[in-house]
Amino acid sequence: DQLMGKLFDPSTGIGLSLIRTPMGATDVNVGGNYSYDDMPAGQSDANLANFSIAHDTAFITPLLQQALIVNPKLKITAVPWSPPGWMKVSGTMNGGNINTAYFPSLAQYFVKFVQGYQQQGIPIYAVMAQNEPLNSNSSYPTAYLAAADEAVFIGTNLGPALSATGLGNVKIFGYDHNWDNTTYAEALLADTSARSYLAGSAFHCYAGDVNAQFTVKNAYPNKDIWFTECSGTVGSNFADDLVWNAETLLIGATRNWGRSVSLWNLVLDQNSGPQNGG
C-alpha cells in the first residue's frame, strides 16, 4: 500500500499517470510464454473460443485495480509483444511475421482483451497493434509487422472492430518503435483508412534521436505523439544516466511533442528479472 501510494498518489507520491501493460508474455515475465488464446502446435482458434485473460487475474489486474484506486485518473495503455503463435507464419510467439489472414481474429483478440479488462474495472485508454514491429527475433516474444500491413490491420480490422463494439473511445497509437525510423509512422498516417482511427504515433529510445518525434508531428500536426519505452541503465554510471534521462526523455521527449514519458519496466527484481529470453 505504501509503495503504491508513493508511485501513483498525485498528492503524497509522484503521481504516475500512465501505465503501459503488456498483452501476454514479454522478455520479462514469470513462467515462459503465454497469450490469451494458446493452442497446441498446429492448431488454430480463429473464433477465439479459447480466449481468456485468467492468467492476468492472479497478479496483474489486482495491482492495476489498486493503482486506479490510488489515482483514478491513471491512463492504462496496452500492447502485445506477440500475438498467439498460431496467428503467425512462424507458429511461435518468438519471432516471425504475423499471418495477415488472421487479422480479423487479431482484431477480436484486442476487443476481447479490452472487454475483459473493463469487466475487471480497468478501462483501457489506448492500444498499440504491435510492440516494436520491426524487431523479430527468436529469443523472446516478438513479431514482424510491416508498415503496410499494420496500416491494413488498423484501418480495416482493429479500428472498425473497436468501433463496432462500442469501444471507439479507445485510442490507437501507431508504430511503437525506435526514433531511427520516421517513415513507418508516416506511412501509417498517410494511409487514409488507418489515419481515421489513429490518435497518433508512439516511439522508443533505443536507436535514433528524439527529434524524430518532431519530424512526424510536423508532417501530421493533427496527430499526437507518445513516448512509450526506454530502459537499460543497469550497470552504467548513475550520474550520467540521470543527465541523459533528464535531457533526452523528460525534457527532450516532451519538447518534441511527447504527451507521455514511459520507462520499461516499473518493477523488476535485483537481477533485472524475471527474464524470459530478453
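The values are calculated or read from the model by the stated rules, or taken from the named source; none is laboratory data. Everything numeric in this text was worked out from a predicted model, so none of it was measured. We place every Cβ from the backbone using ideal geometry, glycine too, and count neighbours over all the protein chains shown. Keep in mind that these areas ignore ligands, DNA and RNA; they rest on the heavy atoms of the full protein, side chains included. Shrake-Rupley method; radii C 1.70, N 1.55, O 1.52, S 1.80 Å.
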Using Cα extents along the principal axes in Å as the read-out, say which of [x] 61, 52, 34; [y] 52, 50, 40; [z] 51, 43, 36 was calculated from these coordinates. [z]
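Which of the peptides 163-169, 60-66, 257-263 is most tightly packed, and how do the rest follow, going by the mean number of other Cβ atoms within 10 Å of each residue? Walk me through the numbers before you get to the answer.
Values: 163-169: 12.7, 60-66: 15.3, 257-263: 18.9.
Top to bottom by mean Cβ count within 10 Å: 257-263, 60-66, 163-169.
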Express in nm, to one decimal, how much length is gained between Ser11 and Asn169 on full extension, taking 0.36 nm for each residue of separation and deducting their alpha carbon distance. 54.1 nm
Over the stretch 46-125, with every protein chain in place, what whole percent of the accessible area is carbon and sulfur at 1.4 Å, could you tell me? 54
Quick one: accessible area per residue over the stretch 28-101, 1.4 Å probe, rounded to a whole number of Å²? 46
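Ordered by packing density, taken as the mean number of other Cβ atoms within 10 Å over each peptide's residues, highest first, how do 113-119, 38-44 rank? Before the final figure, lay out the partial values.
Working: 113-119: 17.0, 38-44: 11.1.
Per-residue mean Cβ counts within 10 Å order the peptides as 113-119, 38-44.
Please compute the length gained on full extension between Leu48 and Phe214, using 0.36 nm multiplied by the number of residues separating them and subtracting their Cα-Cα distance. Provide the component values of the computation, followed by the final result.
Numbers: separation 166, 0.36 × 166 = 59.76 nm, distance 3.95 nm.
Taking 0.36 nm per residue and subtracting the Cα distance, the gain is 55.8 nm.
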How high is the FRET efficiency between Leu266 and Gln115 when r is their beta carbon distance and R₀ equals 22 Å, given to the nearest 0.05? 0.35
If one builds a Gaussian network model of the chain from Cα atoms under 10 Å apart, the most fluctuating residue listed among Val89, Val170, Val267 is Val267
Can you return the lysines within cross-link range of Lys6? Criterion is Cα-Cα under 18 Å, with same-chain partners fewer than 8 residues away left out. Lys73, Lys75
